[in-house]
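The values are calculated or read from the model by the stated rules, or taken from the named source; none is laboratory data. Since this is a predicted model, take the numbers as computed values, not measurements. As a convention, Cβ positions derive from the backbone with ideal geometry for all residues, glycine included, and neighbour counts pool all protein chains shown. Note: accessible area is taken over every heavy atom of the protein model, side chains too, but ligands, DNA and RNA are not part of it. Shrake-Rupley method; radii C 1.70, N 1.55, O 1.52, S 1.80 Å.
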Protein chains: 2
Amino acid sequence: MDKQTIDRRIHAIAGDREHGASELARRCLEIAADSALHYPALDTPALTAILTAQARDMSAARPSMAPIHNLLSRWRKELRGLSGLDLSTARRRAANAAKAVVMVSQAACRQVALHAQSLVGERQCVITHSLSSTLLQAFSGLQGRSVNLIVTESRPLCEGRNLALQLSEMGFPVTLITDAQLGLFVEKADLAMVGADSVLEDGTVVNKVGTYLLALAARERSVPFYVCCESFKQRDSNMPPFEPEEMSPDELNVGELPTVEIRNIYFDLTPPELITARVSEEGVIRYRLDKRC
Amino acid sequence: MDKQTIDRRIHAIAGDREHGASELARRCLEIAADSALHYPALDTPALTAILTAQARDMSAARPSMAPIHNLLSRWRKELRGLSGLDLSTARRRAANAAKAVVMVSQAACRQVALHAQSLVGERQCVITHSLSSTLLQAFSGLQGRSVNLIVTESRPLCEGRNLALQLSEMGFPVTLITDAQLGLFVEKADLAMVGADSVLEDGTVVNKVGTYLLALAARERSVPFYVCCESFKQRDSNMPPFEPEEMSPDELNVGELPTVEIRNIYFDLTPPELITARVSEEGVIRYRLDKRC
């Protein structure tokens, strides 16, 4: 693992569309662990300075994704304990600390998945939007409960197709719809369930754009709307103000429209009054009362 | 214009995704006029029977589209007056009657467009979904008023891209978004405006899927929501119960997902309580009271 490889992996975080916020946060920590072990440094203070700067760069690369900030912050606290250690011990200690944070994060996601599963009854139908690795884990534990799943394609990159394929391979009956059909299909579901990229201080949920429309339609049709994510997704007042990320218009693949402004904002905001409950590693925290839940 | 050509054109009505309901209804009448003039028939009763059956076939081919039913019904009433006429007079009379109905429909759309224009103020921003020929006509009359337009791509066939291009060529600043971004962009607009494929007896509007989500978001953000369509779009109790059309899943172009059910329902229903006003050839009929309109 040389310097160039690590620099390239740090740089790739900004452009990663493949992974959700939690997975990407863990990927950052894996990079951090490799950097701790292998990045050129003359002594422990130099190593600590490098690792701190890299962690800050990775956080700044995806400002919408609270878990990257939170997991790396947790790890950076551990770096304070390195001063006084010789370089090779410091390297090992920093790498182990990063791996430990990864494990805490994985354990939290597993707990969220378990609590999410408890909300889905035998032969129920769940509608979701975008691809959440936590939800995928939850659904994978539902095999055998005859659960039906409705999945949106999730423009622009259509990660919902990948989710549909994975769920179908697990044996679930899966229906794939365009995002625009959310309003039609929400009433066929017993519950709506999404992941989150971040949760703002007031409980507003940041998730793939279209989530807000699903939440509005779910409330209108009295379908419970659950947001499933571990507490590392919570933003706090130490973070910079939330600004939704905007990606390249090329992702819409519209061809030549030179005089048209093409917008590609990735996340929207779902306020707490549209959310039935949040599912965290602690359990199910109810926000609103519904007839059907 | 031979028999085969006319049969082929009638057959093509079912698969036409290019034209909206009003345009397609007028296209049906143009086919009807050509058929009246050229379709093989031994005498006037035989011609009348053929034209009646063709009109019925075209109506049945697009059951979601009330104007096809309404305009063809209006024309079929004229066919009753043909009995007793010689074949060549009957042919001319039936063709002229079809052309007259086309003109009535065009005049109604022009009136709707004029009333719609009256709702858009200088430097205002209008958000719309899908491509309505009536709205395109309305917008074309707004050149010079510095109006901004936000247009959705409108999956699956993305006719919104075509709309964006046409509006941009007219000189409007146009923003193109994915359907999923409707909830983010609705609050940037002063008003939302859509066309309609049909209006049900209770005032519920049938339009391109996604319209309902725009209407929900518009109400949530106190943005007035206008539906612009001529009264030929009104369904009445003589029509078969409304059933939304579903098109081929291939239109979603998702590639190989053999075990996933792909749905492609074209229309959704927007109930009157989400509609600020309907704009018809008669004028602007208010449904709900909004702060901002």
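Inter-copy label distances for residue A:188: 3.2 nm (label point placed 7 Å from Cα along Cα→Cβ; shortest first).
Placing +1 on each Lys and Arg Cβ and -1 on each Asp and Glu Cβ, with no other charges, gives the protein assembly as shown a dipole about its Cα centre of roughly 660 debye.
Shortest first, residue B:12 label-point distances to identical copies amount to 5.0 nm, with the label point at 7 Å from Cα along Cα→Cβ.
Farthest towards the positive end of the charge dipole of chain B, among the residues B:240, B:19, B:33, is the Cα of B:33, using unit charges on the Cβ of Lys, Arg, Asp and Glu.
For B:16, A:7, the ranking by accessible surface with the largest value first comes to A:7, B:16, using a 1.4 Å probe.
Average accessible surface for the protein assembly as shown: 40 Å² per residue, computed with a 1.4 Å probe over protein heavy atoms with every protein chain in place. Between identical copies, the spacing of residue A:245 label points, each set 7 Å from Cα toward the C-beta atom, reads 3.9 nm from nearest to farthest. Between the range B:201-223 and the range B:32-87, how far is it from one alpha carbon centroid to the other, in angstrom? What the calculation gives is 35 Å, centre to centre.
Give me the summed buried accessible area for the B-A pair, 1.4 Å probe, to the nearest 100 Å². It would help to have the intermediate numbers written out before the result.
Numbers: alone 13690 and 13720 Å², together 23730 Å².
Buried: approximately 3700 Å² between A and B.
When the alpha carbon gyration tensor of the protein assembly as shown is reduced to an equivalent ellipsoid, the three semi-axes, largest first, read 56, 24, 21 Å. Highest mobility in the GNM of chain A, judged by mean-square fluctuation with C-alpha springs under 10 Å and restricted to A:208, A:99, A:77, is found for A:77. Counting only alpha carbon atoms, the long axis of helix B:21-38 and the longest principal axis of chain B meet at about 10°. With everything on Cα atoms, drop me the angle between helix B:211-220 and the longest principal axis of chain B, reported from 0 to 90° to the nearest 10. Result, in degrees: 30. In the range B:165-196, comparing the full protein assembly with the chain on its own, the residues that lose 20 Å² or more of accessible surface at a 1.4 Å probe are B:165, B:168, B:174, B:175, B:176, B:178, B:179, B:180, B:181, B:183, B:184, B:185.
Rounded to the nearest 500, the 222 nm mean residue ellipticity of chain B from helices alone is -13500 deg cm²/dmol, with -39,500 (n - 2.57) taken per DSSP H run of at least 4 residues. The magnitude of the dipole of chain A, with charges of +1 and -1 set on the Cβ of Lys/Arg and Asp/Glu and taken from the Cα centre, is near 880 debye. Taking the DSSP beta bridges with both ends in the range B:195-282, the antiparallel portion is around 65 percent.
Taking a ≥ b ≥ c as the square roots of the eigenvalues of the Cα gyration tensor, the range B:171-293 is oblate, since a/c reaches 1.5 or more and a/b is not larger than b/c.
Our summary gives the range A:83-166 a relative contact order of 26 percent, counting only alpha carbon pairs under 8 angstrom and 6 or more residues apart.
Assigning unit charges at the beta carbon (Lys, Arg +1; Asp, Glu -1) and nothing else, what dipole magnitude in debye, to the nearest 20, does the range A:143-293 show about its Cα centre? If you can, show how the numbers build up before the last one.
Working: 15 positive and 24 negative charges, 170 e Å.
Roughly 820 debye for the range A:143-293.
For the range B:95-169, just say rounded, prolate or oblate: build the C-alpha gyration tensor, square-root its eigenvalues into a ≥ b ≥ c, call rounded for a/c under 1.5, and beyond that prolate if a/b exceeds b/c, oblate if not. Because a/c hits 1.5 or more and a/b fails to exceed b/c, the range B:95-169 counts as oblate.
Each 10 Å bin from 0 upward holds the following percent of the Cα-Cα pairs of the range A:158-208: 19, 45, 31, 6. Of the beta bridges in the range A:109-243, as assigned by DSSP with both residues counted there, near 10 percent are antiparallel. On a 0 to 90 degree scale, rounded to 10, what angle separates helix B:3-13 from the longest Cα axis of chain B? Tilt of helix B:3-13: around 30 degrees.
Dividing the C-alpha radius of gyration of chain A by 2.2 N^0.38 Å, with N its residue count, gives 1.06. Rolling a 1.4 angstrom probe over chain B with all protein chains present gives an accessible area of which 49% lies on carbon and sulfur atoms.
Work out which residues of the range A:135-164 lose at minimum 50 square angstrom of accessible surface when the other protein chains are put back, relative to the chain isolated, with a 1.4 angstrom probe, and list them by number. Hits at the 50 Å² cut-off: A:155, A:161.
Take residue B:118: with every protein chain present and a 1.4 Å probe, its accessible area is about 80 Å².
Quick one: compute the contact order of chain B, relative version, from alpha carbon pairs under 8 angstrom and 6+ residues apart, as a percent. Each step should come with its number before you reach the end.
Working: 553 pairs, mean separation 51.8, N = 293.
So the answer I get is 18 percent.
Per the Kirkwood formula applied to alpha carbons, the range A:2-91 shows a radius of gyration over Rh ratio, Rg over Rh, of 0.97.
Using the Cα gyration tensor of the range B:38-173, with a ≥ b ≥ c the square roots of its eigenvalues, what is the shape: rounded (a/c below 1.5), prolate (a/b larger than b/c) or oblate (neither)? Since a/c reaches 1.5 and a/b is larger than b/c, the shape of the range B:38-173 is classed as prolate.
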